[in-house]
Amino acid sequence: MNLDAALSTSKLLAGAAFLHFNDDSTWYVYLATLLADRYNKFNNRRRLSSLPVNDEFGLIRQWTNPYQTAAMQKSLGVVVGIGDDAAVVEMKAGFQLVLSSDTMVQDIHFNEKTMRMSDVGFKAMAAALSDLSAMGAIPKYALVSLTLPKNADITLSKQLYEGLYACADQFGVAIVGGDTTSTLGGWVVTIQVTGEIEAGMALLRSTASPGDIVFITGPLGCSAAGLDYLNTESPLKLDLNQSESIERLIEKHRRPLPQILAGRTLLHSGSCHALNDISDGLASEAWEIAEASKVGILLNEAMIPRNPDLILYAELAGKSAMDWILYGGEEYQLIGTAPKSQVAFIEQEFKKNQLDYHIIGEVTELFAGVRLLQLDDIEVEIAKKGYNHFA
Ligand SMILES: Nc1ncnc2c1ncn2[C@@H]1O[C@H](COP(=O)(O)OP(=O)(O)O)[C@@H](O)[C@H]1O
Ligand SMILES: Cc1ncc(C[n+]2csc(CCOP(=O)(O)OP(=O)(O)O)c2C)c(N)n1
Ligand SMILES: [Mg+2]
Ligand SMILES: [Mg+2]
Ligand SMILES: [Mg+2]
């Protein structure tokens, strides 16, 4: 078995184990169908190569047919999948629907220099699923709306779908439909996702409480540092160690992972107060919790984790790692709050699931907004800034 095959098999196993964690008794059916799916993929591709490439419906079949067989979709609760006017899916008693939508636009979220099309697909799905993770939901279904240039290279659109399905499969998500349109402008991908959650259990931004600790599920700033490198005009001279560090930062920019298991672990713990995912940057998302919960958040610079690759690259580039950590965004880690008394329990649950967990501050009623206790012991308000589409 080559490395790629081994890697993709281990991701499938991780996906299956993940469904198992979600108490889904059909997880082994999902695994079996996923493996059969991989086996059939090559044959499917050959069968499809005779379809026309300049016809919308032929294209949709080419994009979607090589992936997720009917058997696999059935194991995920799909009753009617791609091909009719709308999809039909099973509803589980005692659960509520969780709905969200996210868009990636050429030259705003990605460009030819920063991302391959398969990365765009993977990241678009990951970013959409991230919002489900921030509610504590189990991701289930996705609709893909694709707007592509009239003269687009069809190979690129197929690569986009390769990435979309790689992420969907990793998190047990069935792609059940979407929409296809042409444009005289650049590529736009919108992913609408649906998840399910135990009724009444969704984790909100508005429920932080004074005395809570503030935590994050992993180091921040790496995606922004990776993007900075990809945008560098004059290439830096790098030794092997430095280029490996930068490769890892680029990977974090191109293939972020939604923290679904962390969201589920927090929901199961019964001890998480507020939760939000970090798409626009730590400062911006902490502000969202502070405002929605009508509390203050005091972050402690000394407690904020610093990824060694990030520190190394910040020194090389002569830029501030802390700026990327606070305002960088696109990290898709979670920021949350929990009562102090529950910290040990949550930490233990995270450890059990081999998840990362860092306490970085506390919730207070002494002020409104977000402040940072700097390394020099001075407390400053941090700007409510992050990525803003209209700034
Ligand atoms: N065009 C829109 N019409 C209706 N609701 C929207 C629109 N754009 C965003 N929203 C809603 O506004 C809220 C904030 O959106 P957004 O900042 O994109 O959230 P996030 O950063 O979590 O992805 C969400 O509840 C989202 O569903
Ligand atoms: C070419 C390029 N320029 C800039 C960025 C930086 N960037 C674009 S969007 C964004 C924030 C996240 O996107 P958004 O659409 O606001 O996601 P949401 O908050 O809806 O989850 C960032 C940091 C990028 N990823 N690529
Ligand atoms: Mg959004
Ligand atoms: Mg969000
Ligand atoms: Mg945003």
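The values are calculated or read from the model by the stated rules, or taken from the named source; none is laboratory data. Quick caveat, the model's predicted, so the values are computed rather than measured. Don't worry about glycine lacking a Cβ; one is built from the backbone with ideal geometry, like all the others, and counts go over all protein chains shown. Quick note on the areas: whole protein, heavy atoms, side chains included, nothing else; ligands and nucleic acids left out. Shrake-Rupley method; radii C 1.70, N 1.55, O 1.52, S 1.80 Å.
Odds and ends about this structure:
- Hits in the stretch 275-307 - residues which are assigned to a helix (DSSP H, G or I), under 18 Å from the mean Cα position of the chain (by Cα) and under 23 Å from Leu230 (Cβ atoms): Leu282, Ser284
- For the residues Thr155, Thr147, the requirement of being crowded, with 16+ Cβ neighbours inside 10 Å, among the β-branched types (Val, Ile, Thr) and away from ligand 5 (no atom under 16 Å from the Cβ) singles out Thr147.
- Those residues of the stretch 239-274 which are touching a residue at least 60 places away in the same chain (Cβ under 8 Å) and outside any helix (DSSP H, G or I), in sequence order: Arg255, Pro256, Leu257, Pro258, Gln259, Ser271, Cys272, His273, Ala274
- When residues in the stretch 72-88 are screened for being open to solvent by less than 60 Å² (accessible area, probe 1.4 Å) and in contact with a helix residue (DSSP H, G or I) (Cβ under 6 Å, 6 or more places away or on another chain), 3 of them pass.
- Some residue of the stretch 110-121 being under 17 Å from Gly329 (Cα atoms) and within 16 Å of ligand 4 (Cβ to nearest atom): no
- Condition check for Met104: part of a strand (DSSP E or B), within 16 Å of ligand 3 (Cβ to nearest atom), surrounded by 20 or more Cβ atoms within 10 Å (Cβ to Cβ) and not assigned by TED's automatic domain parsing to the domain that holds Leu334: yes
- Residues that are polar (S, T, N, Q) and within 27 Å of Asp102 (Cα to Cα) were ranked within the stretch 219-275; the one that is most open to solvent (accessible area, probe 1.4 Å) is Asn231.
- Flag for Met91 being closer than 20 Å to Glu331 by Cβ, away from ligand 4 (no atom under 14 Å from the Cβ) and of a type outside the set (D, E, K, R): no
- The stretch 345-391, residues that are within 16 Å of ligand 1 (Cβ to nearest atom) and open to solvent by 80 Å² or more (accessible area, probe 1.4 Å): Lys384, Lys385, Tyr387, Asn388, His389, Phe390, Ala391
- Test: Leu310 is within 16 Å of ligand 2 (Cβ to nearest atom), open to solvent by less than 10 Å² (accessible area, probe 1.4 Å) and more than 19 Å from the chain's Cα centre (by Cα): yes
- Residue list for the stretch 107-126, restricted to those being within 14 Å of ligand 1 (Cβ to nearest atom), open to solvent by 10 Å² or more (accessible area, probe 1.4 Å) and aliphatic (A, V, I, L, M): Ile108
- Annotation note: Cβ proximity below 6 Å between a residue of the stretch 320-334 that is at positive phi and a residue that is among the acidic types (Asp, Glu) and open to solvent by 30 Å² or more (accessible area, probe 1.4 Å) (sequence gap 6+ or interchain) occurs for Gly329/Asp280.
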